[in-house]
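Encoded as structure tokens, the structure appears first; notes follow it.
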Amino acid sequence: MKKVKLVDLSQEIYQGMPVYPGHLKTVIWFHQTHEEVKRALGTGFSYATCGLLMSDHGPTHVDSISHISTKPGAKSIDQLPLELFYTEAICLDVSHVPPRTYITKKDLEDALKKSGLEIKKGDTVLLYTGHYNKRYGTPEWLTHYPGLDREATLWLADKGVVNIGIDAPSIDNPADKTYPAHTVCGERDLLNIENMANLDKVVNKRFKFIGFPLKIRGGTGSPIRAVAVLEEE
């Protein structure tokens, strides 16, 4: 009987966590403490609750189509089918690509060949850049990482990929403010996940991917708990 191993691909959510420039900061506070509730109830029972204030693009998250497209019918996060967030997946190694440059079609083709895997229609493709492992928690986290160029993103779309994930703040090169990868995602209704973690644990593997969004009415994206499900003998 095969066993499964769950690999957490999500970043921790905490106050002060790095957030993409221009997005809302993450704020977490105790809304009610055990002591406050105990005094209010006067029965000896108590509970604690926290308040959360964050961007729908703050921690590990997925973009809705409406986030990057103004075309009629562009779907918000609550309108996207759950099947898009529970798929087969592979993770490709593009960690050789320098920061603030492009991940090209050739980079993807070479990484795919090296992995010995194939991209199937309906797959999620995750890109291991090594950026999370090398720079998370440093000033360079938000500025020094590679991103897909237009041709590479179209190549993934043409192969039938439904979701692209990366262990960096964006799937786009931070030096290119035309956002070619996001533009293709908007044109082709292709999802993307940013701020992933621990992709080194699944690189060059095929697995089941789970990354369900919150059901935010009209949301332009959502935090997710991204998980890889690996089969073990």
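The values are calculated or read from the model by the stated rules, or taken from the named source; none is laboratory data. Since this is a predicted model, take the numbers as computed values, not measurements. Note: ideal-geometry Cβ built from the backbone for every residue, glycine included; neighbour counts use all protein chains shown. All accessible areas refer to the heavy atoms of the entire protein, side chains included, with ligands and DNA or RNA removed. Shrake-Rupley method; radii C 1.70, N 1.55, O 1.52, S 1.80 Å.
Observations on the model:
- Residue tally, condition open to solvent by 10 Å² or more (accessible area, probe 1.4 Å) and polar (S, T, N, Q), over the range 215-233: 1
- Among the conditions (1) assigned to a strand (DSSP E or B); (2) of a type outside the set (Val, Ile, Thr); (3) within 14 Å of Asn192 (Cα to Cα), Leu92 misses just one, which is (3).
- Scanning the range 27-58 for residues that are part of a loop (DSSP other than H, G, I, E, B) and either of a type in the set (Gly, Ala, Ser) or at pLDDT below 95 (or both) yields a count of 6.
- Checking each residue in the range 38-69 for being among the β-branched types (Val, Ile, Thr) and out of contact with any helix residue (DSSP H, G or I) (no Cβ under 8 Å at 6 or more places or on another chain) picks out Thr43, Thr49, Thr60.
- Looking across the range 100-134, the residues that are crowded, with 19+ Cβ neighbours inside 10 Å and under 21 Å from Gln11 (Cα atoms) come down to Thr124, Val125, Leu126, Leu127, Tyr128, Thr129, Gly130, His131, Tyr132.
- Subset of the range 1-52 (residues that are over 26 Å from Phe212 (Cβ atoms), among the polar types (S, T, N, Q) and open to solvent by 100 Å² or more (accessible area, probe 1.4 Å)): Thr43
- Given (1) farther than 21 Å from Gln11 by Cα; (2) over 16 Å from the mean Cα position of the chain (by Cα); (3) outside any loop (DSSP other than H, G, I, E, B), index of the condition His182 fails: (2)
- Taken across the range 201-214, residues that are surrounded by 15 or more Cβ atoms within 10 Å (Cβ to Cβ) and assigned to a helix (DSSP H, G or I) do occur, with at least one present.
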